[in-house]
Amino acid sequence: MPKVLRIAKGRKIEDVEHVDNQLRELDDLDVTVALIQTLVPLGLRAAEEALLREVTMLAGRRYGRNHGMAHRIRWGRQRGSIYVGDQKLPIQVPRVRDREARTEVPLETYARLQHPRAADEGILRRLLYGLSCRDYRACAEVVPEAFGLSCSSVSRRYIRATARKLQELQERRLERHDLVALVLDGKAFQDTTMVTALGLTVHGDKVLLGFVETSTENAAVCTEFLRQLVARGLRS
């Protein structure tokens with residue numbers, strides 16, 4: 001599919017060669033990677049929910065009367081790191097200590113998250129389909145699975161909060177972005193195609209503007225997609 005490139009009229013660009021290099025880099029950008037990076041904060045939130053859930057199972061509810069767990073107590077937090085997809089990120093890890101054995105109780109969830117895991121393409125496709133179809137709750141339930149966690153390891157509160165964040169991602173206003181170029185690109189996942197809009201700002205930053213799920217990428221699909229972006233405030 002040909003890329004759609006638009007340069008704003010009357011926009012003064014001092015370093016044309018720099019912009020050309022940025023456009024070539026943008027053109028080569030893997031759309032899957034861009035989408036994964038956008039979902040990294042959601043993956044971190046899912047990891048935090050899973051860690052806190054395991055701490056509650058080991059040491060009981062905070063400030064509660066946890067009969068049978070008196071020898072296990074919460075022991076603050078420490079700095080650690082986990083993998084979200086294949087990216088290593090810092091995180092505050094809660095600690096649990098066994099007072100009788102005078103040892104720290106390891107968290108199984110934290111141990112699992114310290115190994116890189118590439119998102120399965122089938123999971124990613126369901127995630128993108130949910131976003132494109134505005135089914136944010138179903139999409140939020142898939143996010144933990146995409147990052148190596150079971151859906152049962154996170155709470156309903158997380159699912160509601162994540163659904164709101166996903167809705168903000170796909171429906172946010174675009175007026176504040178000062179764009180000099182727009183690239184539409186299609187990414188195929190078996191029999192499904194995601195058409196993604198990536199913008200390049202006057203400062204050379206790349207912005208994921210949105211995407212739609214479709215069976216084919218043609219002029220009609222791209223025209224309707226552009227109409228949706230303009231309705232959200234995209235400036236030409």
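The values are calculated or read from the model by the stated rules, or taken from the named source; none is laboratory data. Quick caveat, the model's predicted, so the values are computed rather than measured. Counting neighbours? That spans all protein chains shown, and the Cβs are built from the backbone with ideal geometry, glycine included.
Structural remarks
- The criterion of being in a loop (DSSP other than H, G, I, E, B), assigned by TED's automatic domain parsing to the domain that holds Ala47, among the basic types (Lys, Arg) and under 25 Å from Ala219 (Cα atoms) does not hold for Arg125.
- Only residues that are of a type in the set (A, V, I, L, M) and farther than 19 Å from Arg172 by Cβ were counted in segment 184-222, giving 5.
- Tally, over segment 109-127, of residues that are at pLDDT 75 or above and either of a type in the set (A, V, I, L, M) or surrounded by fewer than 11 Cβ atoms within 10 Å (Cβ to Cβ) (or both): 4
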